[in-house]
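Report on one structure; see the data block that follows.
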Amino acid sequence: MTLPKFELHRPESLDEALDILASSPGAVPIAGGTALIVDMRGRRLSPPVLVDIGLIDRLSGVRIEGGEVVIGAATTIAEIKESDLIAQHSPLLSEACGLFASPSVRNRATIGGNIAYASPAADTAPPLLALDASVELASASGRRTVPIDRFFLGVRRTERRDDELITAIRFPIPAEGTEGRFRKLGLRRADAISVVSAAVSIGPPADGGRRVRIALGAVAPTPIRARRAEEALSAGPIDEGAILAAAEAAASEASPVSDLRGSDWYRREAIRALVRRLLRPVVEGRSDG
Amino acid sequence: MDERTIRLKINGREREVSLPPNVTLLRVLRDLGYVDVKNGCEKGDCGACAVLLDGKLVNSCLVLAWQADGREILTASGLGSIEHPHPIQEAFADTGAVQCGYCTPGMIMATKALLDVNPDPSEEEIREAISGNLCRCTGYAQIVEAVAEAARRIAGGGDSG
Amino acid sequence: MIGKVEVKPLPKVDLPPLRQVGRPLRRVDALGKAVGSTVYAADFSMPNMLHAKVLRSPVPSGRIVGLNVDRARSIPGVACVLTARDLPGAKLSTDMPGQTGRKERAGSAAPVLARDVVRFQGEPIALVAAEMEEIAEEAIGAIELEMEETPGVFDPEEALKPGAPKVYGDDNVVARWKIRKGDVEKGMAEADLIVENTFRMPFVEHAYLEPEAGVAWVDDQGVINIRVCTQVVEHFRSVAKALGIPQNKVRIRGTMVGGGFGGKEDVTVEIFLALLARETGRPVKLVYTREESFVAQSKRHPFVITHRTGVKRDGRITAAKIDMIADSGAYPYLTPYVLLYATAMATGPYRIENVSVDSVAAATNQPFTSAFRGFGGPQAALAYEQQMDEIAKAVGLDPLTVRRANYLRRGDETATGQRIASEVWLEETVTRAIAGLGEPTPSSKTRKVGRGFASYFQSYGRITWFHDTSRAWVGLELDGTATIRCGVPDIGAGQANSLCQIASELLGVPLERVTVYATDSAVTPLAGTSTATRQLYMSGHAVHKAASAVRKNLLDRAAVHFGVGPDAVDLADGRAFVKGDESRSIGLDELASPCAADGIPLSTLALFTAPFTDGIDPETGQGDIWPDFTFGAQAVEVAVDIETGQVEVLKSVACHDVGRAINPAAVRGQIIGGSHQGLGYALMEEYIVKDGITQTPSLAEYLVPTSCDFPATEAIILESGSGVGPFGAKGIGEPALTPAAPAVANAVADAIGIRIHEVPITPERVLAAMKRGARWRG
Ligand SMILES: Cc1cc2nc3c(=O)[nH]c(=O)nc-3n(C[C@H](O)[C@H](O)[C@H](O)COP(=O)(O)OP(=O)(O)OC[C@H]3O[C@@H](n4cnc5c(N)ncnc54)[C@H](O)[C@@H]3O)c2cc1C
Ligand code: FES
Ligand code: FES
């Protein structure tokens, strides 16, 4: 099967890319192509113009900048998985990238594409939500930064305007002693789309409680934060009772659909199990649990 | 849709082709005669089309040919031949890792990608490295053995590629 | 959990020592595939070649009310558009492929292209050939197809009800079989207990890595040549019939097949290609996409199987009443035979005096179903082996004790009254499979470990009333190399290699000096289909016979040369020599010249015929059906995550009596690969169809196991030497798959204490079953 016809631009600078996006109606960025090419081949999409962002140097790589971890939008999932900086500051993102698709897909797929595509099951989304990440957007007319929990609007719908590119994802370096983990359940043990996924990040105890983030994937039209579950843990000791309450809250915050991969009932059950499992070792590994 | 001439270095040989942008690397490789690169799904699910692009394992069905402009591509037939097989290819043939053979070229490229960065992989690492390459015939066991055997042979003898 | 078992030593078997057979030699086809030089069907191109595409029905049940191809025909670069109107009456015979000796079933044909009525999603409606693939695609899009949807039927039980929409014949019944043996009522009356269970199995997709493909052209003799990946080169007859041309004007040149598993047993692209090549006079290529491969070709049959078993307290079965309903999909294809297999194997490898089996296959507006590795055997085994565990539970005995009380023995009769002539190593295989699991893995609070096993029997070789034959030509060249010509398609299991190893053994020619020409309907002697685990048995014998004749001539001539009797000479390592004094030897090349000079034939064409029987009695099902059976067992240990429902296979051990392993590495490959497919069948594979529409259209939705899903199955190969194949070999291709799924189902039931009566045993089904179980227990 062939791909629909399109024009392909391969700009080498960001400004050039933004100009094309601004001036060509219907133009769409292409990064790794692992989502876009599949959709085009299936004739679900046929954009007239593609803008390949792969030659823009500045868009890839992981760096530290002013107390923040900054990941260029065109950084591949494989690069993030292998990155020492990421392993050091956000092991939950390393884990998520390790469980993402297959090695060959990871070598092409980018984090920007994963977020922009806005699948409810996007595997980097729960870790990024748990890390309080924000999304850097640029267009010919300006730049803005959107917190990731406001970025996703619905299935495949985001805050991003058509003329904008995601240039980077950034998040504050988590405080010393923060623990984070990610898990996903798929219908097979490798190369599977998440039936549900979850990420937690728990900060060290501090005055007035602790920073708790619990984020879920594939259980609502967008990846979500389970805020009531977070509250159940933010004050008081994290014991078995608190963990069960958090798991229960997370399940009730989800609004999953029934589809080929699982019923809404199963997804809720799975969230309970995942959240419990993510929390227990986090707690066991620390003194205040 | 304009055509453009792109340059690909395929298995060590420079090739120039003129083509429109909506052609995948898989398609252009097969059209140029590199039919060892197989089409099993055309959407990233099977790994039959896997090649090394600048040394990295990719599914050629998910790369636009233009995106490979100026880059190096290695396919199974570039790794070795009947007369001069690569140790990975020998190991696959010797361990019963090849049944119908349709997954084999992609598997071999996944193996090459693994052994290039990890010359002595554990079974788990091998299984993970080939997890995007489906094989319907073998149940993978003999493939995993072949990869381990290839690692041993390369360590013992000198990698020709 | 099954406990420790005692493994008794094997009965003593005298296997004659062999040199080439029985060694795990590198397969002759392996290196070419590894270096990527093997050319598959989709890899061929020809000068001036056109590209074809097929327009398929988007709806599962409907009438074609408008079909206008004018716009498609007028697109520049379109060479030809064909619809049913261009090929009046063209039918695709869907009866037993490659069949030569017997009449066809009435009503078994399907239209090549739908004319008025469409019966399944994906049914072909029009063909296009164009200068480029893009143009062919565009032309398909330009065909104006207007359809009126009609009510369909999507469940075989519904299809059998009066008033159901008609898909096939007057009553949607595609086939029925029955077995009546002994007196079931009496047997049930004698029972202490009656155990009843219903088991369900879904559609399963073959998912071979290579989608269907071919290239056809008309040569200078007016012969339509079709290069195609197929399990059956004898389809040249079906092509000739569909086109209304003489059979000697069609030539199928098979290629290496990138996996078949039964899915390339039916006709795929051949007739489309032949029609387009004839029409255009140009070479035409057709390659299915993965999505097209899914909707265009057959699936494994869904079954609903109900067992009612009468059993004594000591575990002896007194009676079995079994009902089976299978979904045939829209056309018959091989359904009647698949149903026969399931029916005749319904009782499992057990001795039961009183048996009644009723089976029916109904047509629906679903994907058509046909051959798939095991051919009804795996469905039967999923039911009978789960039932055996349920019987054990009901009588309070362990599952092995119950099976032992009922296992068939050599010389016993099957449910259809066929006496088993070969060794029946059920005890030998089951104890080794179970013992192979070793120490049990401990359970934890959320991970329950369970163990299960399954015994099975599975036929190899074709139904004996098909009067099956195979031919092979073996010759020694003047330089001492050997050539085999045999029409066997190699579908990846090493079919061609086994023939080489046999010829190598008999001629004393090293394996790397044997060349095989295979899978060409015009120039290689017809060998029959690569299906039914028959090639080693049938073509192995044909090669054995031909090579033996050449061997005899060589021995005779060598005896003259050495001045000894022919019995004193042997052949090995490319030489003839005097036994016990190998210094007296002569190279086969040196021996070949005097043979040629003396007019001694150095080649032979041999015909092997399987035993012929008449059909079974239609009222009682009694009679012989197959040449022989393979017996074996598989045991697995699983861990069930009781919070997520996920099942992990921890250990898997399969033990089969293969009679004689011609190439142990290849046998091991068959066992591990077959087992892997069976584990997938048990735990993850389901081709989901909703109201006739495929919900799992590609490998992204239809998940087959990856390298990370299951551990390697340990393969224990036993050799009783008692099979009817060459050197006492039995078959292993299909049998390898059969016991895996029921073993897993039994292990899961053992782990969670609840039986899930359907496969695949998905995490969701496990969790749901546990919830139900907890409610019932209060
Ligand atoms: C076999 C297979 C397995 C997969 N498995 C997983 C999995 O396990 N988990 C998972 O989450 N996903 C999975 N995916 C989906 C896909 O790989 C990911 O969503 C991937 O991250 C997309 O990134 P990409 O760079 O390939 O995006 P592309 O395909 O290039 O683009 C995707 C979308 O994002 C837009 N886009 C890309 N980059 C930018 C940018 N910088 N700014 C603005 N818009 C942009 C594009 O316009 C397009 O709409 C899988 C896909 C395949 C084929
Ligand atoms: S053909 Fe590219 S992954 Fe299947
Ligand atoms: S050998 Fe057939 S798919 Fe791997």
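Tabulated data for the structure shown
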| quantity | calculated |
| --- | --- |
| For the pair C and B, total buried accessible area rounded to nearest 100 Å², probe 1.4 Å | 3800 Å² |
| In nm, spacing of pseudo-spin labels at C:I600 and C:E149 (7 Å Cα→C-beta vector) | 7.5 nm |
| Accessible area of segment C:1-65 belonging to carbon and sulfur atoms, whole % at 1.4 Å probe | 57 percent |
| 14 Å beta-carbon shell around C:W217, net charge (K/R +1, D/E -1) | +3 |
| Sites C:D617 and B:R4, calculated FRET efficiency, Cβ-Cβ separation with R0 56 Å, nearest 0.05 | 0.20 |
| Stretchable slack from C:M1 to C:E353, in nm (0.36 nm times residue separation minus alpha-carbon distance) | 123.7 nm |
| Estimated distance in nm for a label pair at A:S252 and C:T198, the labels positioned 7 Å out from Cα along Cα-to-Cβ | 3.9 nm |
| Loop sites in segment C:583-682: GluC sites (Glu not before Pro), DSSP, at most 16 other Cβ within 10 Å | C:E619 |
| Within the accessible area of segment A:1-174 (1.4 Å probe), percent carbon and sulfur | 49 percent |
| Chain C: relative contact order as a whole-number percent, Cα under 8 Å and 6+ apart | 16 percent |
| DSSP bridge pairs, the protein assembly as shown: antiparallel proportion in percent, nearest 5 | 80 percent |
| Within segment C:358-429, trypsin sites (Lys or Arg not before Pro) in DSSP loop having at most 14 other beta-carbon neighbours inside 10 Å | C:R409, C:R410 |
| Solvent-accessible heavy-atom area per residue, rounded to whole Å², over segment B:4-76 at 1.4 Å | 31 Å² |
| Under 19 Å from the Cα of C:K445 - aspartates and glutamates, other chains or at least 8 residues apart | A:D239, A:E240, A:E269, A:E284, C:E637, C:D641, C:E643, C:E648, C:D750 |
| Rounded Å value of the spacing that divides the Cα centres of segment C:664-694 and segment C:411-433 | 25 Å |
| Relative contact order %, segment B:4-76, counting alpha carbon pairs below 8 Å whose residues are six or more apart | 39 percent |
| Accessible surface buried upon A-C contact (total; probe 1.4 Å; Å², nearest 100) | 2200 Å² |
| Shape category assigned to chain C from the gyration tensor of Cα positions, a/c cut at 1.5 | oblate |
| Added length on full extension, which subtracts the Cα-Cα distance from 0.36 nm per residue, C:M46 to C:R775 | 255.8 nm |
| Sorted peptide list for C:707-717, B:113-123, C:657-667, criterion being average Cβ within 10 angstrom, highest first | C:657-667, C:707-717, B:113-123 |
| Inter-label distance, nm, simple model (7 Å from Cα along the C-beta direction), A:V155/A:A245 | 3.5 nm |
| Cα centroid separation, segment B:1-34 to segment C:725-775 (Å) | 48 Å |
| Those trypsin sites (Lys or Arg not before Pro) in segment C:552-622 that DSSP places in a loop and that have at most 11 other beta carbons within 10 Å | C:K579 |
| Average beta-carbon neighbours from other chains, 10 Å sphere, peptide C:204-211 | 6 |
| Residue order for A:S141, C:S548, A:S46 - accessible surface, 1.4 angstrom probe, largest first | A:S141, A:S46, C:S548 |
| All lysines inside 27 Å of C:K249 as judged from Cα atoms, apart from same-chain residues fewer than 8 positions distant | C:K53, C:K91, C:K103, C:K241, C:K264, C:K285 |
| Dipole magnitude of chain C, debye to nearest 20 (Cβ charges: Lys/Arg +1, Asp/Glu -1, about Cα centre) | 1080 debye |
| Virtual paramagnetic centre 7 Å along Cα→Cβ of C:T401, amide N under 19 Å, in segment C:723-752 | C:750 |
| The protein assembly as shown, dipole about Cα centre (Lys/Arg Cβ +1, Asp/Glu Cβ -1), debye to the nearest 20 | 1680 debye |
| Loss of accessible area when A meets B, both sides summed, Å² nearest 100, probe 1.4 Å | 2400 Å² |
| Listed residues C:S238, C:N354, C:S328: farthest to the positive end of the dipole of chain C (Cβ charges) | C:N354 |
| CD proxy at 222 nm, helix term only [per DSSP H run n ≥ 4: -39500 (n - 2.57); per residue of chain C; nearest 500] | -8000 deg cm²/dmol |
| Surface share of carbon and sulfur [accessible, 1.4 angstrom probe, percent] for segment B:87-158 | 50 percent |
| Per residue, in Å², the accessible surface of chain C once ligands and nucleic acids are set aside, probe 1.4 Å | 33 Å² |
| Dipole of chain B [Lys/Arg +1, Asp/Glu -1 at C-beta], most positive-end residue of B:V147, B:T111, B:V37 | B:V37 |
| Placed amide H near C:A175: partners under 5 Å, 5+ positions off or other chain | C:A361 |
| Per-residue mean of C-beta atoms belonging to partner chains within 10 Å, peptide B:56-66 | 6 |
| For the protein assembly as shown, with +1 on Lys and Arg beta carbons and -1 on Asp and Glu, the positive-most of A:G142, C:G480, C:T706 along the dipole | C:T706 |
| Cα centroid separation, segment C:332-403 to segment A:127-159 (Å) | 56 Å |
| Chain B - percent relative contact order, Cα under 8 Å, separation 6 or more | 23 percent |
| Per-pair calculated FRET efficiency, R0 = 35 Å: A:D264 and A:E12 via Cβ, rounded to 0.05 | 0.15 |
| Long-range HN-HN contacts of C:V250 with modeled amide H, under 5 Å | C:I224 |
| Computed magnitude of the charge dipole of segment A:134-288 (debye, nearest 20; Cβ of K, R +1, Cβ of D, E -1) | 400 debye |
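The values are calculated or read from the model by the stated rules, or taken from the named source; none is laboratory data. No experiment lies behind these values; they were computed from the predicted model shown. We place every Cβ from the backbone using ideal geometry, glycine too, and count neighbours over all the protein chains shown. SASA here: full protein model, heavy atoms, side chains in, ligands and nucleic acids out. Shrake-Rupley method; radii C 1.70, N 1.55, O 1.52, S 1.80 Å.
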